[in-house]
Amino acid sequence: MTLRILVVGAGISGLAAARGLRVAGFRPDVVEELPATTVPGAGIFLPGNASRAIRQLGLDAPLRPLGDLIFRQVFQDSAGDELFEVDLAALWAGVGESRALSRADLQQVLLTSVGGEVRYDTAVRELEIVDGGVKVEFGDGAIAEYDLVIGADGRRSTIRAKAGLGAAAVPTGQIVYRSVVSGGPSLSDWTCLLGRRSQFVAMPMGGRRLYVHADETVDPGTPNPPDPLAHVRELFADFGGAVPAVLAAMEKVQVARTDEVVLDGWTRGPVLLVGDAAHATAPTLAQGAAMALEDAVVLGEVLKATPHDVPAALRAYEQRRRDRCAQVREHTRERDRTRDVPPAQRDPMLRRRGQRIFADQYRGLVEPF
């Protein structure tokens, strides 16, 4: 049986899902509302479980020359004094390498893996579940029918809304600032400085560049800063360690709000949500891409196992993925609560127990999915 499959969204989640389906022997259609000229900015950190999923998707070879390998996570207080460190090589031994790279490079690897067969500038206007299938109307008025529609269109998913699978994403209260810095200090480790309801993370990402991910917890209703670069320099002006040199070299900052998506179910008939559309969290554990890549592997496996019974395959998919994604959500919340404890109480506790606490938050992800 040849399944007619539509993947909506050509970001990391959608392209990974399309790759997983191609590995399983399917040839999905992929559509993306944005134009092909849209290039993702900033960088991305892929922990060991993300690398394992990339290997299972057959993409480890093209990824290998990209970015920098990260062997340690170093946590410091706002002055730059060490709190603790996590040996990533030991934590993910036998699973996969941890790597920081350009998000655009990862996107290109995934795009190449699906043959570049993406219809850009193509929105889904309507979808209707009919006779076990899905009738889809596109933005240009064209209509097609599919056996399965996969919503991989992010935390603000339109497919989620059109399929009646849940409400809008819920803000976490964090504002995230991302930047790629050239000419900054030389760093070999993933390095995080913890402030008061804020953190500043920098790591090497290849090409003598640093990927910077900073965030702060804000009160409800707080607007985005009008000048993000000036705001980041002011917010972290009193930080020590490598931060002053990184800030001095920083030229541009991207701003984003973080949201959380929690749903009772990810499927309605032959419509399935994957990635952030189904289970977005704050990026604290760097598991957004990792969960999307794992989703892609599992999706291909369950459909290959039962191609004649799509509902059974989707039930198997949810059964394998829900607990793991819920674990990531709970550990993300735990990490964020720890981060927001006043430094006078938090920092001594982290010096005593931080290594065990933070490593334990990843241990469940070392296990196969």
Relative contact order of the chain (C-alpha contacts under 8 Å, at least 6 apart) in percent is 23
Straight-line reach from LYS304: which lysines fall under 28 Å, measuring Cα to Cα and dropping same-chain residues less than 8 apart? LYS135, LYS162
Work through the residues other than GLY288 whose Cβ is under 12 Å from its Cβ and net out their charges, Lys, Arg +1 and Asp, Glu -1. -2
Residues with amide H under 5 Å of GLU260's amide H, sequence separation 5 or more or different chain, H placed in the peptide plane at 1.01 Å from N; which? VAL170, THR172
Specify which residue in the list VAL255, VAL271, VAL298 is farthest towards the positive end of the charge dipole of segment 251-303, using unit charges on the beta carbon of Lys, Arg (+1) and Asp, Glu (-1), about the Cα centre. VAL255
What are the trypsin sites (Lys or Arg not before Pro) within segment 234-331 that DSSP puts in a loop, where the Cβ has at most 15 other Cβ atoms within 10 Å? LYS252
Gain upon complete extension [ARG27, ASP140; 0.36 nm per residue less C-alpha separation]: 38.4 nm
DSSP beta bridges in the chain [antiparallel fraction, %, rounded to 5]: 75
Summing -39500 (n - 2.57) over every DSSP H run of at least 4 residues in the chain and dividing by its residue count gives a helix-only mean residue ellipticity at 222 nm, to the nearest 500 deg cm²/dmol, of -11500 deg cm²/dmol
Using θ = phi - 60° and the Karplus form 6.51 cos²θ - 1.76 cosθ + 1.60, what ³J(HN,Hα) does each residue of segment 211-228 get, whole Hz, x for Gly and Pro? 9, 10, 10, 10, 8, 9, 8, 10, 6, x, x, 5, x, 5, x, x, 10, x
Where trypsin sites (Lys or Arg not before Pro) fall in DSSP loop in segment 137-189, at most 15 other Cβ within 10 Å: ARG156
ALA79 to ARG363: FRET efficiency via 1/(1 + (r/R0)^6), r the Cβ-Cβ distance, R0 25 Å, to the nearest 0.05? 0.25
Mind checking the full-extension length gain between LEU69 and HIS308? Use 0.36 nm per residue of separation minus the Cα-Cα distance, one decimal, nm. 81.9 nm
Can you list the residues of segment 204-228 with backbone N under 16 Å from a point 7 Å past the Cα of ARG156, pointing along Cα to Cβ? 223-225
If amide H atoms are modeled at 1.01 Å from N in the peptide plane, then the residues at a separation of 5 or more from ARG99, or on another chain, having amide H under 5 Å from its own are LEU46, ILE70
For segment 128-145, 3J(HN,Hα) per residue [Karplus equation, 6.51 cos²θ - 1.76 cosθ + 1.60, θ = phi - 60°, Hz, x = Gly/Pro]: 9, 7, 9, 6, x, x, 9, 8, 10, 10, 8, x, 8, x, 5, 10, 9, 10
Two-site label geometry, THR38 and ARG322: point separation in nm, points 7 Å out along Cα→Cβ: 3.1
Whose amide H sits under 5 Å from the amide H of PHE84, counting only residues 5 or more places off or on another chain, with H placed in the peptide plane? PHE75
Could you derive backbone 3J(HN,Hα) for segment 265-281 from the dihedral phi with the Karplus parameters 6.51, -1.76 and 1.60 (θ = phi - 60°), listing whole Hz in sequence and x where the residue is Gly or Pro? x, 9, 10, 9, x, x, 10, 10, 9, 9, x, 4, 4, 9, 8, 4, 9
Determine the sum of side-chain charges near VAL114: Lys and Arg each +1, Asp and Glu each -1, restricted to other residues whose C-beta is under 10 angstrom from that of VAL114. +2
Dipole magnitude of segment 30-129 about its Cα centre, charges +1 at Lys/Arg Cβ and -1 at Asp/Glu Cβ only, in debye to the nearest 20? 360
What is the magnitude of the charge dipole of the chain about its Cα centre, with +1 placed on the Cβ of each Lys and Arg, -1 on the Cβ of each Asp and Glu, and no other charges, expressed in debye to the nearest 20? 580
Taking the Cα centre of segment 254-325 as origin, sum charge times position over the Cβ atoms of Lys and Arg (+1) and Asp and Glu (-1), and report the length of that vector in debye to the nearest 20. 100
Mind checking the full-extension length gain between ASP121 and ALA90? Use 0.36 nm per residue of separation minus the Cα-Cα distance, one decimal, nm. 6.8 nm
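Rule-based calculations on the coordinates, nothing more; no lab input. Note that the coordinates shown come from a computational prediction; the quantities given were computed from them, not determined experimentally. Glycine also receives a Cβ, built like all others from the backbone with ideal geometry; neighbour counts cover every protein chain displayed.
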